[in-house]
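Undergrad: Please find one structure pasted underneath; my questions will follow.
The values are calculated or read from the model by the stated rules, or taken from the named source; none is laboratory data. Everything numeric here is computed off the predicted structure, so don't read it as measured data. Because the Cβ atoms are built from the backbone with ideal geometry, glycine has one as well, and the counts that use them run over all protein chains shown. In case anyone asks, the SASA skips ligands and DNA or RNA and just uses the protein heavy atoms, side chains included. Shrake-Rupley method; radii C 1.70, N 1.55, O 1.52, S 1.80 Å.
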Amino acid sequence: MFNTLKRLLGFSPELQDTLQQNCFRAKYLVIDLELTGLNPKQDEIVSLAWLPIEDQRIFVGQSEHFINAHVNELKQSPIFHGIDSHALEGGVPLVLALQQLRPLLDKYVLVFHNAELDWLFLKNAFGQFNMPIAATVMVDTMKIEHKRLSLQGQEIGFDDLNLAACRARYSLPEYLTHNALTDALATAELFLAQLNKITSGKGIALRQLV
Amino acid sequence: MTIEQKELLRFISEQAPFNQLDFAATDYFVSHLQVVYVSKENQHQWLNNQAPNLYLIRSGSFDLVEPNGELVARLSEGEYFGYPSLLTGDDIQNQLQVQTDGIVYLLEQDAFDFLRHQYKAFEQYFVRAHANRLLSTHYKNKADNWSERRISEVMNKGAVTLSPDASIRQTAKKMSQHGVSSIMVMEHERLVGVVTDRDLRNRVLATELDPRESVSLIMSAKPKYIFENNRVFSALHLMLRHNIHHLPVLDENHKPLGMLTSTDLLRQQKSDPVQLIGRIYKATTVADVKRYAMEIPELLQGFSHKVEDISLIGKLLSGITDALTSRLIYLFQEDHGAAPTPFSWICFGSQAREEQTLHSDQDNGLLLPDELTAAQQSYFAAMGEFVCEQLSVCGIVKCPGNIMASSPECCLSISAWLAKFSHWVSSPSPQAVLNCKIFFDLRFVEGSNELYKSFSLKLSEMSKNQIFFASMATDINTNSVPIGLFNQFKLEQTPHKYKYLDLKKRGVVIINDIVRLYALSKGVKAANTVERIDLLVKAQANNKRDLYDLKDCWRFLTQLRLRSQINQEGLPSNCINPETLTSLEKHQLKEAFFLVKQAQQAAAFKFARGSL
């Protein structure tokens, strides 16, 4: 709650306008990161993907996907996301991906599944390459789900909020592959389903989602 | 480097028509599609005229509803909607009603047009779907087996004919002018005879007959003939059976179109099963007959991979059984003397319908004149005994219900047979209805065709009984197609939890029953379901479109049955697991069952006055 308030207060007038608009009219960029671990201080970004949603449509053809060619230590990545040292050879320096992503941050409302973690990694990465970024509006499908389940008075277990479990609750198809691109699509679909369910299709002000 | 949209590519590439196109088509579709979530809340914003799109369902279920509120179809995973207006440019007619929210892939008009122009098969798929003629087109392209071809496709058109008052010399001149080896003799626009080169040699030159005599002296009168719309296989069968090399081809009005010769057929590919039938008809000992019969299973196995239409396999097997029967009757007469009176050997059930499989058992009988002496009776009893016994040695198992000419119950005089049928027709108990289903599919096999014809005429007069038709119609409606409310499959389950659909019991049998009922009510004599339908069309008994639909369904279902017999594990025969079908096949199957259901209801309405 405190975090949300702090974020809201820090928003520029333009962003305040964005927050007032109907959630169905906003333009979204759904981002997913694959990481070597959960600690932003030690772990690294393995890959990064995004795709846009406009007008309740996910534009698959405008999706982007980058593998970081310079991961120092892959750790469990080959197992989790199928990215091994061979795949890294086809990657690019992370800075190239960040350069493409940065201008998009101002145009879109960002969507993550677990925004806190991914955003922390992104912010660090931008900082590492001396690329200043402004405050942005962000939506978290995990938080939305948490809130929805809490309102229904459900007990929430450890695994109930992962992407697959959330999708299953909306009867979305089961995906077998797990890479940043598939997960970004999976998150985007989950987000559309959530928007429809929690607003009964009418839409609400975006600020209520943030 | 870009990792592909694996989940999308996999799903799309498995869908018709993409499973038949280059991977590039799938790739194009994936990179141009938009993913949308269609819910009850937002359903109004899809499928509207502002921007027509192609929609492909990934999850959820959706109803297409006509403007008048009538349900067109319930659609689910793998099914498309929205394409009609993309193809025609017309306004969208139907509305979408969401039953379960889900993910739908959407392709805009220009991307659709790109694929349509790039891939002919893509366009064809949607044009066909749109024309709603999925069923009939499914197998049309596949009917490429030579013996399945229509006779009109392989014959030389141009009939050479003359009248019976022509002289033998005139006949020979005309044949030589036209360069033909046979000629048709016509009187009052009716075919009355055939003269061949061989007749000129054997019946004129060899006997020193005066060539000024009339041709009617040397022609083969009442020749066999065939219709242009019959299959080549039927012609072969006829020629081999009667050892003739020239077969007049007539159109529907018995107008001659030309002569089909054995050379015409030799030009076509040779077929082993057909040669086998030829050998059986020439066998001189019972041992030979048995030896040839042993080849049947292996031969059919090799053959079944080549033919696309299972109805041909049924025809072949029935043809082979006919051949075995005929030859055994011939051999019996060789040993025991010619039959003392005319008789007809008849068959029932699947052999009569020409739907025999390797597992079908014997269903046959002897039809005899009234008032036989005891000696004559025992002659035919012995014939029935011999033929049925030898057929079973040849691999056609005996009928557990004892519907065989060897049983006194099925070796009867015309009046005894009629009494039997009359009893079933006038007091249609469930057992009687069951009997009718077997015995009313009957066909002449060997012996006197005249005797059989006089019987079948009396039979069809007798069976015209409204109460009997009503009880048949009621019986048909006790069997239901496996389609539930809103067009979903209703599956059955084996003890091992395999889910399946029984295509025979819940599809083919129902169609057979419906068609039999109409055939009986119209006095149609054929026993084969497809032939019955064709004759019903000719008799203008029902709406043509409905009959063609039934025929399409019958073929589609038997087709699927063939596949299920080849590659299913853990399922009862004739059953399939619908999960193994492509989305197109699922759609067609639903359509087929739907049409069968409509036909059932129509039959009930017509014959039972809807009183169910």
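Undergrad: If the only charges are +1 at each Lys and Arg Cβ and -1 at each Asp and Glu Cβ, what is the size of the charge dipole of the protein assembly as shown around the Cα centre, to the nearest 20 debye? Numbers along the way, then the final one.
TA: On the way: 84 positive and 91 negative charges, 400 e Å.
My answer is approximately 1920 debye.
Undergrad: Beyond 29 Å, what share of the Cα-Cα pairs of chain A remains, rounded to the nearest whole percent? Let's see the in-between values first.
TA: Working: 5100 of 21945 pairs.
In whole percent, the share of Cα-Cα pairs in chain A beyond 29 Å is 23.
Undergrad: Still on this structure, please answer the following. Other chains' Cβ within 10 Å of B:405-412 residues: what's the mean?
TA: Working: counts 0, 0, 0, 0, 0, 0, 0, 0.
For this peptide, the per-residue mean of nearby foreign Cβ atoms is 0.
Undergrad: Now, a different point. Using Cα positions and a limit of under 16 Å, work out the aspartates and glutamates in reach of A:Lys197, with same-chain residues fewer than 8 apart set aside.
TA: Partners within reach: A:Asp140, A:Glu145, A:Glu189, B:Glu41, B:Asp101.
Undergrad: Leaving out ligands and nucleic acids, and using a 1.4 Å probe, what accessible area per residue does the protein assembly as shown come to in Å²?
TA: Values: 38160 Å² over 822 residues.
Value for the protein assembly as shown: 46 Å² per residue.
Undergrad: Further question on the same structure: Could you tell me the largest-minus-smallest coordinate of the C-alpha atoms of the protein assembly as shown on each of the three principal axes, in descending order and whole angstroms?
TA: Per principal axis, max minus min of the Cα coordinates gives 119, 62, 51 Å.
Undergrad: Something else: Could you give the size of the charge dipole of the stretch B:397-485 about its Cα centre, using +1 on the Cβ of each K and R and -1 on the Cβ of each D and E, expressed in debye and rounded to the nearest 20?
TA: Working: 7 positive and 6 negative charges, 4 e Å.
The calculated dipole for the stretch B:397-485 is roughly 20 debye.
Undergrad: Here is a follow-up. At a Förster distance of 25 Å, what's the computed FRET efficiency of B:Gln466 paired with B:Ala602, Cβ-Cβ distance as r, to 0.05?
TA: Efficiency at R0 = 25 Å is approximately 0.90.
Undergrad: While we're here: In nm, to one decimal, how far is the modelled label at B:Lys173 from the one at B:Asn156, with both set 7 Å along Cα→Cβ?
TA: Going from the B:Lys173 label point to the B:Asn156 one covers 2.2 nm.
Undergrad: Next up: Using 16 Å as the cut-off for backbone N distance, which residues of the stretch B:329-363 belong to the label zone defined by a point 7 Å from the Cα of B:Ser378 along Cα→Cβ?
TA: Under cut-off, by backbone N: B:336-337, B:340.
Undergrad: Moving to a separate point now. If you take every DSSP beta bridge fully contained in the stretch A:14-158, what fraction is antiparallel? Give it as a percent rounded to 5.
TA: On the way: 14 of 21 bridges.
Counting DSSP beta bridges with both partners in the stretch A:14-158, the antiparallel share is about 65 percent.
Undergrad: Still on this structure: How many percent of DSSP beta bridges within the stretch B:1-127 run antiparallel, rounded to 5? Don't skip to the answer; put the middle values down first.
TA: Details: 21 of 21 bridges.
If I count the DSSP bridges inside the stretch B:1-127, around 100 percent turn out antiparallel.
Undergrad: How far apart, in nanometres, would the label points at B:Ser13 and B:Arg198 be if each is projected 7 angstrom from Cα along the Cα-to-Cβ direction?
TA: For the pair B:Ser13/B:Arg198, the computed spacing is 5.9 nm.
Undergrad: What does the average come to when, for each residue of peptide B:95-108, you count the partner chain Cβ atoms lying within 10 Å of its Cβ?
TA: Details: counts 0, 0, 0, 0, 0, 1, 7, 6, 9, 0, 2, 2, 0, 0.
Per residue, the number of nearby Cβ atoms from other chains is 2 on average.
Undergrad: Just to be sure I understand the interface: list residues from the stretch B:1-43 that lose 50 Å² or more of accessible area between the chain on its own and the complete protein assembly, 1.4 Å probe.
TA: B:Met1, B:Ile3, B:Gln5, B:Glu7, B:Gln34, B:Val35, B:Tyr37, B:Glu41
Undergrad: Now for a different question. As a test of the formula, what do you get for chain B when each DSSP H run with n ≥ 4 contributes -39,500 (n - 2.57) and the sum is divided by the residue count, at 222 nm and rounded to the nearest 500 deg cm²/dmol? Don't jump to the answer; show the numbers that get you there.
TA: Working: 24 runs with 287 residues, N = 612.
Computed mean residue ellipticity for chain B: -14500 deg cm²/dmol.
Undergrad: Which net charge results for the neighbourhood of A:Tyr175, defined as the other residues with beta-carbon distances under 9 angstrom from its beta-carbon, given Lys and Arg at +1 and Asp and Glu at -1?
TA: Details: positive: A:Arg167, B:Lys6; negative: A:Glu174, A:Asp183, B:Glu7.
The answer is -1.
Undergrad: Counting only Cα, what are the radius of gyration and maximum Cα-Cα distance Dmax of chain B, in Å?
TA: 28.7, 96
Undergrad: Taking accessible area as the heavy-atom solvent-accessible surface of the protein chains with a 1.4 Å probe, which residues of the stretch A:177-200 lose no less than 50 Å² upon going from the isolated chain to the full protein assembly?
TA: The answer is A:Thr177, A:Leu181, A:Asn196.
Undergrad: Could you give the length gained by full extension between B:Ala287 and B:Ser427, i.e. 0.36 nm per residue of separation minus their alpha carbon distance, to one decimal place? Write out the running numbers ahead of the final one.
TA: Working: separation 140, 0.36 × 140 = 50.40 nm, distance 4.55 nm.
Stretched fully, the B:Ala287-B:Ser427 segment lengthens by 45.9 nm.
Undergrad: Considering the Cα trace of the stretch A:33-111, what is its radius of gyration and what is Dmax, both in angstroms?
TA: 13.7, 40
Undergrad: Kirkwood Rh, the stretch B:330-410, all Cα pairs: how many Å? Walk me through the numbers on the way to the answer.
TA: Working: mean 1/r = 0.0758 Å⁻¹.
Computed over Cα pairs of the stretch B:330-410, the Kirkwood hydrodynamic radius comes out at 13.2 Å.
Undergrad: Net charge around B:Asn479, counting only other residues with Cβ within less than 14 Å of its Cβ (Lys, Arg = +1; Asp, Glu = -1)? Can you show the working numbers first?
TA: Numbers: positive: B:Lys437, B:Lys490, B:Lys504, B:Lys505, B:Arg506, B:Arg516, B:Lys597; negative: B:Asp475, B:Glu492, B:Asp502, B:Asp513.
Counting the neighbours of B:Asn479, the net charge comes to +3.
Undergrad: Also: Pairs B:Lys458/B:Lys525; B:Lys504/B:Lys544; B:Lys282/B:Lys453; B:Lys224/B:Lys282; B:Lys522/B:Lys590; B:Lys290/B:Lys398: which are spaced more than 21 Å apart, C-alpha to C-alpha? Let's see the in-between values first.
TA: Numbers: B:Lys458/B:Lys525 12 Å; B:Lys504/B:Lys544 24 Å; B:Lys282/B:Lys453 27 Å; B:Lys224/B:Lys282 19 Å; B:Lys522/B:Lys590 30 Å; B:Lys290/B:Lys398 16 Å.
Checking Cα-Cα distances, B:Lys504/B:Lys544; B:Lys282/B:Lys453; B:Lys522/B:Lys590 exceed 21 Å.
Undergrad: For every other residue with a beta carbon closer than 14 angstrom to the beta carbon of A:Met142, add +1 if it is Lys or Arg and -1 if Asp or Glu, then tell me the sum. Could you put the intermediate results ahead of the total?
TA: Details: positive: A:Lys143, A:Lys147, A:Arg148, A:Arg167, A:Arg169; negative: A:Asp32, A:Glu116, A:Asp118, A:Asp140, A:Glu145, A:Asp159, A:Asp160, A:Asp183.
Taking every other residue near A:Met142 into account, the sum is -3.
Undergrad: Ok, one more. Take every DSSP beta bridge with both residues inside the protein assembly as shown and express the antiparallel ones as a percent of the total, to the nearest 5. Walk me through the numbers on the way to the answer.
TA: Details: 68 of 82 bridges.
Here the antiparallel bridges make up roughly 85 percent for the protein assembly as shown.
Undergrad: Let me ask something additional. What is the distance, in nm, between label points placed 7 Å from the Cα along the Cα-to-Cβ direction at B:Gln493 and at A:Lys147?
TA: 4.2
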